[in-house]
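The values are calculated or read from the model by the stated rules, or taken from the named source; none is laboratory data. All values reported here derive from a predicted model rather than from experimental measurement. When we count neighbours, we look across all protein chains shown, and the Cβ atoms used for this are built from the backbone with ideal geometry, even at glycine.
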Amino acid sequence: MVSDADGLPDDWEKSNGLNPHDPKDSSEKAKGKQGYTNIEVFINQLGGFTKRF
Ligand SMILES: [Ca+2]
């Protein structure tokens, strides 16, 4: 379920310290992720690319 339509599942947002009711946090920079935004971190996890570098 995605309550705020930002593309990030509510459960993923909660477990990563984001707000399931804030549609803007998907495009904010993720902490400690080398400049990636939160949506990019999520997509990278789906694709298994988190250890690409
Ligand atoms: Ca959100």
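Annotation: of all residues in segment 17-44 being polar (S, T, N, Q) and at pLDDT 95 or above, the one that is farthest from residue 4 (Cα to Cα) is 37.
Within segment 8-51, restricting attention to residues that are among the aromatic types (Phe, Trp, Tyr) and out of contact with any strand residue (DSSP E or B) (no Cβ under 8 Å at 6 or more places or on another chain), the residue that is surrounded by the fewest Cβ atoms within 10 Å (Cβ to Cβ) is 49.
Whenever a residue of segment 1-18 is without any contact (Cβ under 8 Å) to a residue 40 or more places away in the chain and near the ligand (Cβ under 10 Å from one of its atoms), its partners that are assigned to a loop (DSSP other than H, G, I, E, B) and hydroxyl-bearing (Ser, Thr, Tyr), lying with C-beta atoms within less than 6 angstrom and at least six residues away or across chains, give the pairs 10/3. Scanning segment 1-18 for residues that are within 14 Å of residue 39 (Cβ to Cβ), touching a helix residue (DSSP H, G or I) at 6+ places or on another chain (Cβ under 9 Å) and not charged (D, E, K, R) yields 2, 7, 8, 9, 12, 16, 18.
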